[in-house]
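All remarks here apply to the structure that follows.
Just so it is clear, none of the values below were taken in a lab; they were calculated from the coordinates. Predicted model, so just to flag it, every value in this text is computed and none were measured. As a convention, Cβ positions derive from the backbone with ideal geometry for all residues, glycine included, and neighbour counts pool all protein chains shown.
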Amino acid sequence: MSGPAFLLALAAALATPGAVVAPPTVVADDPGAVRRAMQDELGRSMADLRLGDESRPYYLAYTLYDLDQATVSATLGAVTAAHAYRGRVLRTDLRVGDPSFDNTNFEGGARVETVPLEDDYAALRRELWLRTDEAYKAAIESLARKRAAAAGQAAAADDESVGDFSKEEAARLEVPFASGAADPEVLRETVRRLSLLLVEFPEISSSHVTATTAIVRRRLLSSEGSFVDDSQRTVRVDVVANTQAADGMKLRSFVPFTALTPAGLPALAEMEKAVRSMAKELSAMRAAPVASSGAGAVLFEGPAAAQIVKLLLGDQVAGTPPPKTTSASNDDGGEQSAFASKLGQKVAAPILSAVDDPLLEVGPGKAPLYGAYRIDDEGVPAQRVSLIERGVLKSLLMSRTPRKEITHSNGHARAPRFAAARARVGTLVVSGAHGLSHAGLLAELGKIAKGGGVTTYVVRLLDDDSLPGADSDDLAALLSFSGGAHGPPPVRPLVVYRLDHGKETLVRGVLLENLLPRSLKDVTAIGGDATVYNYLEAGAGFSGIPSTIIAPALLVSDVDIRRQTGKNRKPPLYPSPLTLPSPLTPH
């Protein structure tokens, strides 16, 4: 017996009136065990799951992530760690009520649990049954609290209810999964050799190289009929180095390399060249002058351009409404993006435009793109979204949680492995009219300097707190400069040059203050060539969301520059042993 007849017989035999359904009987394993287990338990849950007079689920979706990650780290040519991890995670999205008002977008988040890794039909069905039971009971309680909260709160004057869940067409995607596991040995020699290069720079007090390769297979099945079976692969190598100036100021720099597979990384010689260049620049920074506070104009180039776009734009264009709460005065939840209420308004300089296009697979220079996908984490096909056109905000990134202005998803619901899906960036591409060459951008900076009262800078790299081994002391020190509750934390550049009459001078101790999304209106020039910056949003390794920013150089004409102050710890009292002659060196 199989199919619907099996489900009906099983439900009749095992279900108890007024209670959730009982566990399934054991069925023999087979090659399609995972998909069959998901289909069978989803069908049984939608048909029979009910508690007393409470409503049945009107929507149920299972998403299984098969996680395979390998990490290897090294310092000065010595491997310090090498390990692999495999696991399977289940996300259960169950909704009671109806699309106009259900248990979601309220208190609480996604229900995510680890489940057996083996493709065992009985074991998986049991886990799906238990997780669905928990999700249903929690959903009923959440819906009751949400109704009570809504009854006790007066509707806002501009409140136009658009519901909690948009109706979308079912989607199907099946991509053959390439077998093979993530193996730390594949990148061991690359990591070892890159870390060994830094032995040549005794001024660098500490360094480490970390490589992570992650393979995530996703299987999504919903009661609407959507089914997705695809996968994503990412590889990232981070080379991080630290040093101190004579006055004790801590200095850091890094070089990231990204690809979809280990074979897609740049040639080793190219990576070694980039690491040496970073190390020379960081060593020179120890003797660089400390920047002065005052008004500044800043040209963000290379990775820094993409990093500032992420901060000022990428984190601000989500249209998913913030979760409601039991407190009428706290519905924002701290999750409302800065541009969510600015549709149709000018949010950037007229020369600036931006789209988010997850369907792009290759960027400038044939660079692979982390942010490429075809169907989002709510089973909606990805769409190209024009966000900003000549400085005017035209749309937002949307999940299936609607808002008054945009009532349908545009395929941008994305979820960290252990949290709920919300609208997030896929591949954000910034472009502009009248793109200039590097020389042209420097000329524009020179014109600003001639006006007087403004110091001009070129920033080529910003700090990144998600880097492996990020210094918590540095983060705490940075936050201490945040200006209290009246402004955002300052942006900390790692590589900064002061421009004076066309001459670039390396400086240190720079903080960029009051950089807000509205600073995009101060972009007065834009470069002609774009940089691809791949990163993992809201996590690292398999837990993060692969995302991409593609951005040209940006000249921001009005930035508050502050000299980093405060007491610094003294540098080491005597030289690194790497500066001493080796015992094997002939005298």
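Could you pull out every residue, at least 5 positions away or on a different chain, whose amide H is within less than 5 Å of the one on GLU224? Hs are placed 1.01 Å off N in the peptide plane, and Pro or chain starts have none.
LEU60
Once Rh for the range 103-152 is found with the Kirkwood sum over Cα pairs, what is the Stokes-Einstein diffusion coefficient at 10 °C and 1.306 mPa s, in µm²/s?
This corresponds to a translational diffusion coefficient of 127 µm²/s.
List the longest stretch of the chain that has no exposed loop site; here a site is one of the trypsin sites (Lys or Arg not before Pro) assigned by DSSP to anything other than H, G, I, E or B, with at most 14 other Cβ within 10 Å.
168-389
What is the fewest-to-most order of HIS501, HIS83, HIS438, HIS208 by other Cβ atoms lying within 10 Å of their Cβ?
Fewest-to-most Cβ neighbours within 10 Å comes out as HIS501, HIS83, HIS438, HIS208.
Could you calculate the contour length gain from LYS167 to ASP53, that is, 0.36 nm times the residue separation minus the distance between their Cα atoms, to one decimal place in nm?
Stretched fully, the LYS167-ASP53 segment lengthens by 38.5 nm.
For SER576 paired with GLU504, estimate the spin-label separation in nm (one decimal), with each label point 7 Å from Cα along the Cα-to-Cβ line.
Here the answer is 2.4 nm between the modelled labels.
For labels at LYS447 and GLU118 in the simple 7 Å Cα→Cβ model, what's the distance in nm?
According to this spin-label approximation, the distance is 7.1 nm.
Tally the DSSP beta bridges in the range 115-249 and give the antiparallel ones as a percent, rounded to 5.
Given both bridge residues lie in the range 115-249, the antiparallel proportion sits at roughly 85 percent.
Provide, as a two-decimal number, the C-alpha radius of gyration of the chain over 2.2 N^0.38 Å, N being how many residues it has.
Taking N as the residue count of the chain, the ratio is 1.08.
Project the alpha carbons of the range 231-374 onto their principal axes and report the range along each, largest first, in whole Å.
53, 45, 37
Determine the percent antiparallel among the DSSP beta bridges restricted to the chain, to the nearest 5.
DSSP beta bridges in the chain are roughly 90 percent antiparallel.
Please determine, in degrees from 0 to 90 and to the nearest 10, the orientation of helix 33-48 with respect to the longest principal axis defined by the Cα atoms of the chain, where the helix direction is its Cα long axis.
60
Per residue of the range 189-195, what does 6.51 cos²θ - 1.76 cosθ + 1.60 with θ = phi - 60° give for ³J(HN,Hα)? Whole Hz please, x for Gly and Pro, Karplus curve as stated.
Taking θ as phi minus 60°, the curve returns 5, 4, 5, 4, 6, 5, 5 Hz for the range 189-195.
Compactness ratio of the range 27-142: Cα Rg over 2.2 N^0.38 Å, N = residue count?
Compared with the compact-globule rule of thumb, the range 27-142 sits at 1.37.
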